[in-house]
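J.: Sharing a structure with you now.
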Amino acid sequence: MKKAPKLSSLIDKAIFDYGLLEKGDRLLIGASGGKDSTALIKYFAERSLRPSCDFQYLALNIQSDFAPAFPEEIKKLFDEWKVPFLSLPVNILERVKSGQKMSCWWCSTQRRTELINYALANGFNKIVLGHHMDDILETFLMNMLNKGELAAMPPLLKYDNYPLSVIRPLCYVSEERLIAEAEKENYALFTCSCNYQENSTRKEARKKLEELTGGDQLCKERMLAALKNVDSRYLM
């Protein structure tokens, strides 16, 4: 049986394949306290110790008014890893307009806006997000089935209106791999427990992805590869 590559190797490969890191980068990493962002922050904490390190980074938590407090266990790990960390409180509920329904999408949009604003105000040129392979494939299915679009989450996205890029170094990493990493490294599996999760269509997309692939990792990797290997001659 083929041995699974190390998590750090998969992230290294994504960074190399898509040119996600450049000399002098100032990285703002979104820190939710969950397994995905924690694994990503641990990677950059370790990479910052390499002799060839030529970037700076900050882990930023956008603390909404209705979400649980950032896990103390993760804060302790950040201290051990010498991670520069900041939590920024934001009132998201008060931004919901009359007649508008609160949702995961709205919350995510507002938190992304705060990351952008902080990055612009403090000289960061890249926002680092913890979206993994399953997130990307779920988004692909959501856009295809709900919007009629062939679109997903690119590993590197340069904003048109800001001098910023978004990078997703976990693009080659499955959620299953991240769960195993969290268990191996003994950090808490913290997830959002707000009351608005049921408004999201992502859970349904997750079910569809599992039904389509049977949970097979190789099938998911092939789906991801298909997003790069597009033959427009056979599309409408």
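The values are calculated or read from the model by the stated rules, or taken from the named source; none is laboratory data. None of the values given here were measured: they were computed from a predicted structure. Glycine gets a Cβ as well: all are built from the backbone with ideal geometry, and neighbour counts include every protein chain shown. Remember, those area values only see protein heavy atoms, side chains included, never the ligands or the DNA or RNA. Shrake-Rupley method; radii C 1.70, N 1.55, O 1.52, S 1.80 Å.
J.: Report for the chain the percent antiparallel among DSSP-assigned beta bridges with both residues inside it, nearest 5.
T.: On the way: 3 of 20 bridges.
In the chain, DSSP labels about 15 percent of beta bridges as antiparallel.
J.: Using per-residue counts of other Cβ atoms within 10 Å, averaged over each peptide, order 145-156, 27-38, 93-104 from highest down. Please list the in-between numbers first.
T.: On the way: 145-156: 13.8, 27-38: 23.5, 93-104: 11.2.
Highest mean packing first, the order is 27-38, 145-156, 93-104.
J.: May I pose another question? Give me the percent relative contact order of the chain, please, defined on Cα pairs under 8 angstrom at least 6 residues apart. Can you show the working numbers first?
T.: On the way: 320 pairs, mean separation 58.1, N = 236.
Rounded, it is 25 percent for the chain.
J.: In whole Hz and in residue order, list the ³J(HN,Hα) couplings for segment 163-170 that follow from phi through the Karplus curve 6.51 cos²θ - 1.76 cosθ + 1.60, θ = phi - 60°; x for Gly and Pro.
T.: Once θ is set to phi - 60°, the couplings for segment 163-170 become x, 9, 10, 10, 10, 10, x, 8 Hz.
J.: Could you tell me what percent of the accessible area of the chain is made up of carbon and sulfur, with a 1.4 Å probe and every protein chain present? Let's see the in-between values first.
T.: Numbers: 7090 of 13550 Å².
Carbon and sulfur atoms account for 52 percent of the accessible area of the chain.
J.: Could you work out the local net charge near residue 17, counting Lys and Arg as +1, Asp and Glu as -1, over the other residues with Cβ closer than 13 Å to its Cβ? Intermediate results must be reported in sequence, preceding the final value.
T.: Details: positive: 13, 168, 228; negative: 12.
In short, +2.
J.: Along segment 56-66, what does the Karplus equation 6.51 cos²θ - 1.76 cosθ + 1.60 (θ = phi - 60°) give for ³J(HN,Hα), rounded to whole Hz, x for Gly and Pro?
T.: 10, 8, 9, 8, 10, 9, 8, 8, 6, 6, 10
J.: Under the Karplus relation 6.51 cos²θ - 1.76 cosθ + 1.60, θ = phi - 60°, what is the ordered set of whole-Hz ³J(HN,Hα) values for segment 223-233, x standing for Gly and Pro?
T.: 4, 5, 4, 5, 5, 9, 9, 9, 9, 5, 5
J.: With every protein chain present, what is the per residue accessible area of segment 22-161 (1.4 Å probe, Å²)?
T.: Details: 7070 Å² over 140 residues.
In whole numbers, segment 22-161 has 51 Å² accessible per residue.
J.: For segment 92-160 and segment 31-45, write down the distance between their C-alpha centroids in whole Å.
T.: 18 Å
J.: For the chain, how big is Rg over Rh, using alpha carbon atoms and the Kirkwood form of Rh?
T.: Numbers: Rg = 17.9 Å, Rh = 18.9 Å.
We get a ratio of 0.95 for the chain.
J.: How do the peptides 46-56, 80-90 rank, highest first, by the average count of neighbouring beta carbon atoms within 10 Å per residue?
T.: Details: 46-56: 11.5, 80-90: 14.0.
In decreasing order of mean packing, 46-56, 80-90 become 80-90, 46-56.
J.: Now, a different point. Mean residue ellipticity at 222 nm from the helices of the chain, using -39,500 (n - 2.57) per DSSP H segment of n ≥ 4 over the full residue count, to the nearest 500 deg cm²/dmol? Before the final figure, lay out each step's value.
T.: Values: 8 runs with 95 residues, N = 236.
Helix contribution divided over all residues of the chain: -12500 deg cm²/dmol.
J.: Tell me which residues come under 5 Å, amide H to amide H, from residue 126 once H is placed; ignore anything under 5 positions away on its chain.
T.: It is 26, 28, 165, by chain and number.
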